[in-house]
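One structure is given here, and the rest of the page talks about it.
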Amino acid sequence: MLPRILISLATAMLLAGAAELRAASMQTYVLDPVHTQIVFFADHLGFSHGIGRVRIRQGWFQFDADDWSTARADVVVDMTSLDMGEPAWSEKVRSPQFLDTAQWPTARFIGKRLEQTAARDGILHGELWLRGVRRDVDLALTFNRAGGDPYAFKDKAGFTARTELDRFEFGMQTYREVVGAPVELRIEVEGVRSSSPPKETVSDAVEEH
């Protein structure tokens, strides 16, 4: 009888230890607003691609290098920070004809599932709220590295992500002959590991009804 009890206790301890190990390998990272960059490209009459940039307001992600499927992310983007490289053009894109940042000053992306497709590549499936419209969006993602930053003395993880949006789907119908519908996004992500649980994000990027 005693050996059975000891075996049961040992098994329970091993299972508990394994659960703690899995939990410990899931890390929370807070986005570094300086080294997290969002750049987008849109065709201009076929001559060139206009380049714009927006900054994040806040965000976090959770990632386990041994189990990508558990990854999650929540990011709020400050759309009023938009910069097209020229003040008048930036103001035009912020206007109601395009992003309407007076009414919708933020956008929000929630990453729900990360599908690993290669050693360092995957697809992050999520939802984007932009200009009051919700759409399912997939990000093609590359895991760059995780480790210590010898200058900041902090543990970090970094990714590069890409996707393409159709601006018409988000209510931006003006200048159809001038600015292309597809908008290519490139996102450079750098997060600082945090021992605290993720903070609730605050955004006015409400889904339209």
Return the inverse of the average 1/r over all pairs of distinct C-alpha atoms in segment 82-177, which is the Kirkwood hydrodynamic radius, in Å to one decimal. 15.9 Å
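Which order do Phe109, Phe168 fall in if you start with the one that has the fewest other Cβ atoms within 10 Å?
Phe168, Phe109
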Given the chain, longest segment not containing exposed loop GluC sites (Glu not before Pro) (DSSP; at most 11 other Cβ within 10 Å): 1-176
Need the list of lysines near Lys112 for cross-linking: C-alpha distance under 25 angstrom, and skip anything on the same chain fewer than eight residues off. Lys156, Lys199
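Which whole-number percent is the relative contact order of segment 26-194 (Cα, under 8 Å, 6+ apart)? Can you show the working numbers first?
On the way: 415 pairs, mean separation 42.9, N = 169.
Taking the mean separation of contacting Cα pairs over the length of segment 26-194, I get 25 percent.
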If one puts a single equal scatterer on every Cα of the chain and applies the Debye formula without solvent, what log₁₀ I(q)/I(0) results at q = 0.12, 0.14 Å⁻¹? -0.68, -0.87
Segment 78-150: relative contact order from alpha carbon pairs under 8 Å, six or more residues apart, as a whole percent, is 22 percent
At a Cα cut-off below 20 Å, give the aspartates and glutamates reachable from Lys154, other chains included and same-chain residues fewer than 8 away excluded. Asp32, Asp64, Glu188, Glu190
Whats the longest run of the chain with zero trypsin sites (Lys or Arg not before Pro) that are DSSP loop and have at most 16 other Cβ atoms within 10 Å? 1-119
What does the charge count around Gly180 come to, taking other residues whose C-beta lies under 15 Å from its C-beta (Lys +1, Arg +1, Asp -1, Glu -1)? -4
So for Trp104, Trp89, fewest C-beta neighbours within 10 Å to most, what's the order? Trp89, Trp104
What's the exposure ranking of Ile51, Ile123, Ile187, going from fewest to most Cβ atoms within 10 Å? Ile51, Ile123, Ile187
Residues other than Met79 with Cβ under 15 Å of its Cβ, Lys/Arg counted +1 and Asp/Glu -1, net out at +3
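With Cβ to Cβ distances under 14 Å as the rule, what net charge do the other residues near Asp43 carry (K, R +1; D, E -1)?
Values: positive: Arg167, Arg176; negative: Glu164, Asp166, Glu177, Glu184.
After counting each charged neighbour, the total is -2.
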Given R₀ = 35 Å, what would the calculated FRET efficiency be for Lys199 paired with Asp43, taking r from the Cβ atoms and rounding to 0.05? 0.40
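Each reported figure results from applying straightforward, stated rules to the coordinates on display, with no laboratory input. Note that this is a predicted model, so its numbers are computed, not measured. Cβ atoms come from the backbone with ideal geometry, glycine included; neighbour counts cover every protein chain shown.
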